[in-house]
Amino acid sequence: MSAPVTAEVAAIKNLKQIAREEFILPGTAVCGGCGGLEGLRLAAKVLGSKTVYINAAGCFTLLAVYPYSPFKGSWLYTTMGGAAAAAQGVRDALDVLMARGKLPVEDDVQVVVVAGDGSTYDMAMAANSGAIFRGLDFWYFCYDNESYGNTGVQMSSATPYGARTTTTPVGSAARAGTEHGKKDLFEIWRAHQPAYLATVSPRYPVDLTNKFLKAKGLRGPKLFIAHASCPTGWLFEPKRSAEVAKLAVQTGIFALKECVGGAVTHTHIPRRRKPVEEYLRGQGRYAHLFEPTRNDAALRLIQEQVDRYWEAAAKAGAASS
Amino acid sequence: MRVRFHGRGGQGMKTASRILGSAAFHAGLVVQDSPVYGAERRGAPVAAFTRIAKAAIRERGLIAAPDLIVVADETLLFEPTAMPLAGCSARTVVLINTATDAAALQERLAHLGRIESADFTSLVFSITHTLVGLSTALGVAAAALVGLSLEESLAGVAEELAHATLSRAAYEANERLAQEAYALADAWRAVPEPLDASLALAAEAAPTALLAAAPAGAPGTQLVELRFEPPARATPTICVANTPERSTGSWRQFRPLLQRDLCNACWTCFVLCPEGAIALDEHEFPLIDYEVCKGCLVCVHECPTHAFATEKEVR
């Protein structure tokens, strides 16, 4: 038994409609310029204080370190693979409390998993699949900084082709650094038919806010993959965090989209896409693609992948309209 | 010889410790270097250790009683979570990257040993035009202070920078920087050999943490005794939304300063501040909470009217 589904909230049009109140407070130990924290902070402005955060181990372990917590809301820490299972337990407990009249139904307490890509793309794959399959009423915020950031930037299955990590260094046998392609989590999750699924970027706060507002009206799994620009792991100056996130969208590398009822809609289509190089160049993790000699083959591969993605998206869009 | 490097995440002290280690290795010495393992956080205090000896080094772990301490960031000197001067003796040489002169620091820090200081930040900036390169400058300066030659130092730099995929120009700039830093540090008296130069045995009292070596009353130290309480009583006392008490403002190396006349109250900095360290006043102008602002400078970089100036922090 849960609270009644609220009507869909009207979308906002500009920055000044974003809530002024903070629900995740400063003073945490995460890196300065963390794009993941920026995304979560904006999301929390929609989620409010009647929340239970289920925090899988990862960079965001550093958010709530005893005896401190930045959350206006409750918090539970779990293993990297266990957050969705914990979310099921917490959701069930809240429902039982409401059924017994010990928790006001109108409080409408929300359960929010916060997990990094190492957890989400690798270790928690099965637990997440189970929770989404069961139609669990919860939110999932994956801050995707494309590596195991907290332990010193090792490759995860979210690490993109061409990025250097400490476990995929550049060498004569692996000139591109990471030679795997990034796992397409969006499509894996889409196949589960969740209530809501979206990608969000910290540099597109209005788009991000609207997606959380839209999901607020839905019961069931509400899943978010948040691009998390990472100065420490991607090797750029912290002040460029938002700029790097923006370039990912402008070059078409990170697609802003959502999926309701199986249909995918791109919420922002970069009409004149910038060359991928403009995104890659400013990050030390890709420096070996340019210096000491240019790796044209790798750069072409990355560009072609992006071009193919958007061609397919355009075709799918034309077919559905 | 035991050398301890202190800096903030992103300043390259792990690399500096490796440059020193590689340089000593090229000199035919036995070397050990390691950083403190911890979550990699930009701006947070970090430390790295290099041990150098003529024969096998049996000593392990953190260096609690260093012969040379290198401090990359003067803001760390009074930072309770860093305590770079912990474990100092009168024999310990302390090298500080600062524009303040050594005599003034000597007085302020009440350190009995020798302090050397130079503005390596400006030196690095004048040659590489970014702050990347502090690792080269301080790694080489440490090499000069422990008595390694310029050639050995340059070999250490070459070895470590080979991993960094630099452009030709950037590499040459680092080489030039290394030479200048060496010349600067070579003018200082070398660090005296430790009394137990062999490091063959665990000569140190083997404290498990740097804290243990902190002299009582060292600047910034405050020991808090935590009483044991049964979990049923202790756990529910976790507070909510209390992180602002942690004052991450000490991480800041540059301070964003609003020039009100240039601000058009557009909310961009307030919305994009990853920390949520910016609030809005009654006229919707940003108010930065310097107690917690980490100095990432996203606000400065994103401001559409360029209304922020930056100022180097001096504490």
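So, in the stretch B:256-277, how many residues would count as being out of contact with any Ser or Thr (no Cβ under 8 Å at 6 or more places or on another chain), more than 11 Å from chain A (Cβ to nearest Cβ) and either in a loop (DSSP other than H, G, I, E, B) or buried (at least 16 other Cβ atoms within 10 Å of the Cβ) (or both)?
2
Is it fair to say B:SER153 is open to solvent by 30 Å² or more (accessible area, probe 1.4 Å) and touching a residue at least 12 places away in the same chain (Cβ under 8 Å)?
It is false that B:SER153 is open to solvent by 30 Å² or more (accessible area, probe 1.4 Å) and touching a residue at least 12 places away in the same chain (Cβ under 8 Å).
Condition check: open to solvent by less than 40 Å² (accessible area, probe 1.4 Å) and in contact with a Leu (Cβ under 6 Å, 6 or more places away or on another chain). Does B:ALA90 satisfy that?
no
Identify the residue in the stretch A:201-249 that is part of a helix (DSSP H, G or I) and among the polar types (S, T, N, Q) and, among all such residues, is nearest to B:VAL300 (Cα to Cα).
Looking at the filtered set, the residue picked out is A:SER241.
Please go through the stretch B:160-195 and give me each residue that is charged (D, E, K, R) and out of contact with any Lys or Arg (no Cβ under 8 Å at 6 or more places or on another chain), ordered by number.
B:ARG168, B:GLU172, B:GLU175, B:ARG176, B:GLU180, B:ASP186, B:GLU193
Could you give every pair whose Cβ atoms fall below 6 Å, whose first residue belongs to the stretch A:258-273 and is touching a residue at least 60 places away in the same chain (Cβ under 8 Å) and within 24 Å of A:GLU304 (Cβ to Cβ), and whose second residue is basic (Lys, Arg) and open to solvent by less than 60 Å² (accessible area, probe 1.4 Å), counting only separations of at least 6 or pairs across chains?
The qualifying pairs are A:VAL264/A:LYS257.
Just the residues that are of a type in the set (D, E, K, R), surrounded by fewer than 21 Cβ atoms within 10 Å (Cβ to Cβ) and modelled with pLDDT of 90 or more, please, taken from the stretch B:156-187.
Within the stretch B:156-187, B:GLU159, B:GLU172, B:GLU175, B:ARG176, B:GLU180, B:ASP186 qualify.
When you scan the stretch B:214-228, do you find a residue that is modelled with pLDDT of 85 or more and acidic (Asp, Glu), even just one?
no
Please enumerate the residues belonging to the stretch B:236-248 that are at the interface with another protein chain (Cβ under 9 Å from one of its Cβ atoms) and either at pLDDT 90 or above or assigned to a helix (DSSP H, G or I) (or both).
B:THR237, B:THR243, B:PRO244, B:GLU245, B:ARG246, B:THR248
Considering only residues that are assigned to a strand (DSSP E or B) and either among the hydrophobic types (A, V, I, L, M, F, W, C) or within 14 Å of chain B (Cβ to nearest Cβ) (or both), which ones fall in the stretch A:250-294?
A:LEU256, A:CYS259, A:VAL260, A:ALA263, A:VAL264 - these are the residues of the stretch A:250-294 that are assigned to a strand (DSSP E or B) and either among the hydrophobic types (A, V, I, L, M, F, W, C) or within 14 Å of chain B (Cβ to nearest Cβ) (or both).
Hey, can you tell me all the residues within the stretch B:278-299 that are facing another protein chain (nearest Cβ under 8 Å) and crowded, with 20+ Cβ neighbours inside 10 Å?
Within the stretch B:278-299, B:VAL292, B:CYS293, B:LYS294, B:GLY295, B:CYS296, B:LEU297, B:VAL298 meet the criteria.
Within the stretch B:92-188, which helices (runs of 4 or more DSSP H) (wholly inside it) include 2 or more residues that are within 23 Å of B:SER22 (Cα to Cα)?
Helices (runs of 4 or more DSSP H) meeting the threshold: B:120-128, B:134-145, B:150-161, B:168-186.
For the stretch A:140-161: of the residues being within 14 Å of chain B (Cβ to nearest Cβ) and within 16 Å of A:VAL114 (Cα to Cα), which is nearest to the chain's Cα centre (by Cα)?
A:TYR143
Which residue is farthest from the other protein chains (Cβ to nearest Cβ), if the candidates are limited to the stretch A:28-64 and must be in contact with a Lys or Arg (Cβ under 9 Å, 6 or more places away or on another chain) and on the phi > 0 side of the Ramachandran plot?
Looking at residues that are in contact with a Lys or Arg (Cβ under 9 Å, 6 or more places away or on another chain) and on the phi > 0 side of the Ramachandran plot, I get A:GLY48.
Scan the stretch A:209-237 for residues that are closer than 26 Å to A:TYR161 by Cβ, open to solvent by less than 30 Å² (accessible area, probe 1.4 Å) and within 14 Å of chain B (Cβ to nearest Cβ) and jot them down.
Passing the criteria: A:ALA226, A:HIS227, A:ALA228, A:SER229, A:CYS230, A:PRO231, A:THR232, A:GLY233, A:TRP234, A:PHE236.
Take the stretch A:65-89 and flag every residue that is within 14 Å of chain B (Cβ to nearest Cβ) and either crowded, with 22+ Cβ neighbours inside 10 Å or touching a Pro at 6+ places or on another chain (Cβ under 6 Å) (or both).
Within the stretch A:65-89, A:SER69, A:PRO70, A:PHE71 meet the criteria.
The values are calculated or read from the model by the stated rules, or taken from the named source; none is laboratory data. Since this is a predicted model, take the numbers as computed values, not measurements. A quick note on method: Cβ atoms are made from the backbone with ideal geometry, for glycine too, and the neighbour counts reach across all protein chains shown. SASA here: full protein model, heavy atoms, side chains in, ligands and nucleic acids out. Shrake-Rupley method; radii C 1.70, N 1.55, O 1.52, S 1.80 Å.
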